[in-house]
């Protein structure tokens, strides 16, 4: 009997330990590989080679985001050794043309949605094809280069089956999210660009990291640990100073950056290895590549069941705002509600589950205040059917629909559909329903996201008169597509 008690005590202790063990944070070691103008004799091309070799030696892996022009220059210079060393880890795109004007943002500045998407598909598909040809490995992600951003780029990446890294879009505690129907990975951590080459610069930054790192990332699903721009380990300037404030010099007039002494690279190698060993030794993180995360966070359910849809509808009615769910985007919820009401109108009963559809957000800013205040049940079903027509034929939510002469915005529609869905599910149908003013898009975390988007205007490569207003507006409307990403089951 005493042995049984001892066995039970051990089992209880083991269960308690498993319940209290914190979830691992995924950490990706990332590099932005860009400089294609420094002369061969300066050996800047060697830096990503030894970075990759040191990681292999320590036993960690990383993702090298490479500008298309840089990859082509490595090929032209015959640096197959550099190419193979990086390809042994993971390769991502850092845009096809980098800082060459027009940048991604400059292309999208005044483009409408379809024009922007087509431009991004054309430009960046070429970049992905070149990277895969040169490195001989699949390339599954593109990382934002400086202030190069636009929601059309994100959507185009989703259409290509690619992910977007250093995204401005996030949710609290969730750096892996779906936005514009593409996997997005937010933010980066680390500030080592200019310190590896001198111990008196590196040690204080490294000591701070060792003290704060685990605290800083607690409760976060993933972070991109930005190890460096390889060129900045050696160069005192960013290579693309040639392109600052809209400048676009000819290739043969590009000036290389000023470099630090070649012998300082011995210290840089030593310190980089110390940093990688620190990450290797942490038990509460798992070091993976971005491509690994693309696979792990790719899960999405095929259906929205009646129980979940009712729960979300009740939350919308209770809070009086467009809410983020843990599994479904507001656009998916809107589509499921409209689909359910249409099926109820056709069949006289509420479906048990609905196919998950992922439309884009509206293409124009919805009005907050409806022109009319009441609609009949028949008009509700007409609005649901009209919503379905827009979603199926145009691929996005309606910005507004008309009842007679009165326009009703997307937010007021999702509130209306939620109220009617709840009543039908409870068999408490009313003859008429009120239309109320409602937010035109989900506003949770909007300020954080939009402040980062608008800051891209000040990226020093951009023209001073760059206009971010349209891209910011489009981002707001596509917040309908935002939701957390979850690991595959």
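Quick note: the coordinates plus some simple rules give every number you see, no bench work behind them. Predicted model only: the values in this text are computed from it and were never measured. All Cβ positions, glycine included, derive from the backbone under ideal geometry; neighbour counts span all protein chains shown.
Side notes on the structure shown:
- Theoretical gain in end-to-end length, residue 53 to residue 369 [0.36 nm per residue, Cα-Cα removed]: 107.8 nm
- If R0 is 35 Å, the Cβ-Cβ spacing of residue 277 and residue 451 corresponds to a FRET efficiency of close to 0.45.
- Estimated inter-spin distance, residue 255 and residue 393, nm [label 7 Å along Cα→Cβ]: 5.8
- Sorted by Cβ density within 10 Å, fewest first, the residues 468, 120: 468, 120
- Sequence-separation-based contact order of the chain, relative, with Cα cut under 8 Å and 6+ spacing, percent: 19
- Size descriptor, Kirkwood hydrodynamic radius, that averages inverse alpha-carbon separations across the stretch 230-383, Å: 22.2
- Beta-bridge orientation, the chain: approximately 40 percent antiparallel, per DSSP, counting only bridges with both partners inside.
- Shape category assigned to the stretch 25-296 from the gyration tensor of Cα positions, a/c cut at 1.5: oblate
- On the basis of the beta-carbon distance and an R0 of 25 Å, residue 355 and residue 137 show a calculated FRET efficiency of 0.10.
- Which of 209, 318 has the fewest Cβ neighbours within 10 Å, and the rest in rising order: 318, 209
- With contributions of -39500 (n - 2.57) from each DSSP H run of at least four residues, the per-residue ellipticity at 222 nm computed over the chain stands at -14000 deg cm²/dmol.
- Spin-label pair residue 244/residue 298, simplified geometry with 7 Å Cα→Cβ offset, distance in nm: 4.3
- Segment residue 315-residue 160, length gained on full extension (0.36 nm per residue, minus Cα span): 52.4 nm
- Ranked 308, 46, 112, criterion: other C-beta atoms within 10 Å, fewest first: 112, 46, 308
- Given R0 = 56 Å, the distance between the Cβ atoms of residue 118 and residue 200 translates into a calculated FRET efficiency of 0.65.
- Difference of contour (0.36 nm per residue) and Cα-Cα distance, residue 264 to residue 469: 69.4 nm
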